[in-house]
1. Tell me the strands (runs of 3 or more DSSP E) entirely within the stretch 9-90 that contain at least 3 residues that are out of contact with any helix residue (DSSP H, G or I) (no Cβ under 6 Å at 6 or more places or on another chain) and modelled with pLDDT of 95 or more.
2. Looking at (1) more than 16 Å from residue 139 (Cβ to Cβ); (2) under 12 Å from the mean Cα position of the chain (by Cα); (3) surrounded by 15 or more Cβ atoms within 10 Å (Cβ to Cβ), which one does residue 31 not meet, given that it meets all the others?
């Protein structure tokens, strides 16, 4: 059995700028916090996140389609998040997402997370205030 990690690929830029990473893939929720409150992890928090990048049209950003589903059972009633829409990520670590009824802005990092001691995609939503939250997602590995 071989494990194949999520590949982060970038197209070369004719101006020599490094494009933002291609975040396409499926991720599993590792932790969630809402408005600076407690951090919830499995089994209290679980979910999946899928990103599908579209062809790049801007040298400083990429984006595509996204869907997310998460549930935190520590809330009464349980907090459920279901989101479909588009996303974009920039060279400077800026993250944006837009769904049918809401748009959110924040930051992202992809790399080793000391908090979860693994490779992770961390998305911190900073705007609007009602949506301030942090999600840490682990890239899903596939068995070819």
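The values are calculated or read from the model by the stated rules, or taken from the named source; none is laboratory data. This one's a predicted model, so the numbers in the text were calculated from it and none came from an experiment. FYI the Cβ positions are ideal-geometry reconstructions off the backbone, even for glycines, and counts take in every protein chain you see.
1. 25-34, 45-53, 61-72, 79-90
2. Single failed check for residue 31: (1).
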